[in-house]
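Below is one structure, written out as structure tokens; comments come after it.
Values quoted throughout were computed directly from the atomic coordinates according to the rules given, and no laboratory measurement underlies them. None of these values were measured; they are calculated from a predicted model. Cβ: placed from backbone, ideal geometry, glycine included. Neighbour counts: every protein chain shown.
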Amino acid sequence: METKQLITYKMAAETLNFTQTAKSLNFAQSTVTAQIKALENELGSVLFERLGKRLILTEAGRQFKGYADKMLTLTEEAKVITGGLKEPAGTLVIGAQESQCTYRLPPILKEFKNQFPNVKLIFKPAHSDEKAKEQLLKGELDIAFIMDVPKPGDSLITEPLIQEQMKLVSAADHPLALNHDLTPNDLAHETFLLTDEGCSYRMIWEESLREQGIHAVNKFEFVSIEAIKQCVLAKLGIAFLPGMVVDPEIKEGRISELKWNYPTSSFFTQIAWHKDKLITIPLQSFIDLTRETFQEGDFQ
């Protein structure tokens, strides 16, 4: 069983297209077919089958993919340890919301670049958690930061990092800031400053409002959390945001936390990757560094 066969199989299993696999690996299509056939002969199992024009993995093919990923990871690690590679290289594609990029990731990225100067990092904005999960499933992201309630998933590994303290906030001189015991009626005619549809904490907030019989009529929607914060400061409305976004302004007395004493779901920042993702040394190091940084709370 040769490494080149495993690489070809991995690409074919992800693309489900021998022509595309051949182009990606700069092979003739006949070479791809021959390598897959040789692998099937060695394993004694058919890995792919055709249904009409569609190429699909057999059950044996699905089971073997996890082993192929592990063998390729071990091969890469062996090369690094024995000096076959002077320095790990490659690219990590990371999905993260604006708030994570601004308040949580800088120390992680700084330390990671110190450890792996030859690894390129690419960030893709994750305006909604569902979009990030979709990109992970398609292989468009290597890893993503998701802000959501914990949910089981068959294809994604999600690991909670920290429980977020969500806060309902207004400008410090907003009339509601003086109300120490808000009721649903107090919010009935307020303007709500909301993130995009699909954002998990927007959905949590709207669910809490619905449970109290409030249906937001006056609302503005934004892609940028920083834009929402500036509009809060300008007294254009109130917002439900992670504490990491507004805590500095609360401490400065520019923003007030409103006392909303009604239940909302527990909400976590999580790190997620596909269960079949090839965990390279840089990717594993990024995961480990993220865990360590969140445990220590060192975001300065």
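Can I get the semi-axes of segment 226-300's equivalent ellipsoid? Compute them from the C-alpha gyration tensor as square roots of 5 times the eigenvalues, in angstrom, largest first.
34, 15, 13
FRET efficiency for the pair Lys110 and Arg62, taken as 1/(1 + (r/R0)^6) with r the Cβ-Cβ distance and R0 = 41 Å, rounds to 0.55.
Once the dipole of the chain is set up with Lys and Arg at +1 and Asp and Glu at -1 on Cβ about the Cα centre, which of Pro263, Ala239, Thr293 lies farthest towards its positive end? Result: Thr293, furthest along the dipole toward the positive end. Note on Ser45 and Asp288: their simple-model spin labels are 3.1 nm apart, each label 7 Å out from Cα toward Cβ.
In the chain, the alpha-carbon atoms span a convex hull of 160 Å³ per residue. Summing Cβ point charges (Lys, Arg +1; Asp, Glu -1) relative to the Cα centre of the chain gives a dipole of roughly 1120 debye. Cut-off 16 Å, label point 7 angstrom out along Cα-to-Cβ of Lys70: give me the residues of segment 269-292 whose amide nitrogen falls inside. Label zone hits: 275-280.
When both segment 179-242 and segment 87-148 are represented by their alpha-carbon centers, they are found 28 Å apart. Label-to-label distance, Val149 versus Glu296, with points set 7 angstrom from Cα along the beta-carbon direction: 3.4 nm. Look at the dipole of segment 3-81 built from charges on Cβ: of Leu51, Ala34, Phe64, the Cα furthest out on the positive end belongs to Leu51. The length gained by stretching the chain between Leu25 and Glu221 to full extension, at 0.36 nm per residue less their Cα-Cα distance, is 66.2 nm.
The protection proxy used here, the mean number of other Cβ atoms lying within 10 Å of each residue, ranks peptides 141-149, 21-29 as follows, highest first: 141-149, 21-29.
Packing here is the average count of other Cβ atoms within 10 Å per residue, and on that basis the peptides 198-204, 155-161, highest first, run 198-204, 155-161.
Only Cα pairs under 8 Å and at least 6 apart count here; give the relative contact order of the chain as a rounded whole percent. It rounds to 22 percent for the chain.
Less than 5 angstrom separates the built amide H of Glu140 from none of the residues sequence-distant by 5 or more or on a different chain.
Report note on the peptides 43-55, 226-238, 251-263: ranked by the mean count of other C-beta atoms within 10 Å, highest first, their order is 226-238, 251-263, 43-55. Remark on Met166: its backbone amide H falls under 5 Å from those of Gly243, a criterion applied only to residues 5 or more positions apart or on other chains, H modelled at 1.01 Å from N.
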